[in-house]
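A short reminder: the numbers here are calculations on the coordinates, not readings from a lab. For clarity, every value in this text was computed on a predicted model and none was experimentally measured. Using ideal geometry, Cβ is built from the backbone for each residue, glycine included, and neighbour counts are taken over all protein chains shown.
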Amino acid sequence: MPHHYIDPKTRTALPEIETWQDYEVTIRCKKHGLQRGPESVINDIERECPVCPVCGKASKMKSMSHEHAWFSWICIPGCDPDSDCFGPFSSEDAAVVAARKFAMSQP
Ligand SMILES: [Zn+2]
């Protein structure tokens with residue numbers, strides 16, 4: 001998956017923003033109601049079911065988008081993500097901008 005720098009001018013650190021294209025899935029959690037997210041995050045491969053992105057409990061899938069959208073998060077290659085997922089966006093640029101905005105707002 002492509003990676004981008006939070007600050008493209010200082011390429012000293014590892015690229016911290018990961019972007020990818022995915023379907024947007026809507027699920028219904030008994031506790032958290034309707035929740036949305038990229039299919040790769042919502043679908044738990046090991047448990048073979050959609051899970052709530054808030055509590056991780058097995059949930060009912062309500063719908064899935066027909067086309068891919070762009071998503072992003074703060075994630076150093078090979079590590080777990082350091083933020084929630086941003087998206088869906090219609091372009092990769094928009095996904096990168098959202099992740100950069102989040103990173104710059106952190107203390
Ligand atoms: Zn939940």
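Results, tabulated for the structure shown:
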read-out	value
Test item: Cα-centred dipole of segment 24-64, Lys/Arg +1 and Asp/Glu -1 on Cβ, debye	340
Mean residue ellipticity (222 nm) of the chain, computed from DSSP H runs ≥ 4 via -39,500 (n - 2.57), nearest 500	-4500 deg cm²/dmol
Packing-based exposure ordering (other Cβ within 10 Å, fewest first) of 61, 104	104, 61
Nearest-ten-degree value, helix 92-105 long axis tilted from longest Cα axis of the chain	80
Point-charge dipole on Cβ atoms (K/R +1, D/E -1) for the chain, about Cα centre, debye to 20	520
The chain: Cα Rg divided by the 2.2 N^0.38 Å rule of thumb	1.12
Placed amide H near residue 44: partners under 5 Å, 5+ positions off or other chain	49, 51
Formal net charge of residues neighbouring residue 84 (Cβ-Cβ distance under 14 Å; K, R +1; D, E -1)	-1
Most mobile of 48, 24, 16 in a GNM of the chain (Cα contacts under 10 Å)	48
Loop-resident sites, segment 4-107, for trypsin sites (Lys or Arg not before Pro), counting at most 15 other Cβ within 10 Å (DSSP)	9, 11, 30, 31, 47, 57
Under-5 Å amide H pairs with residue 82, H placed in peptide plane, nonlocal only	74, 75, 76
9 Å beta-carbon shell around residue 57, net charge (K/R +1, D/E -1)	+2
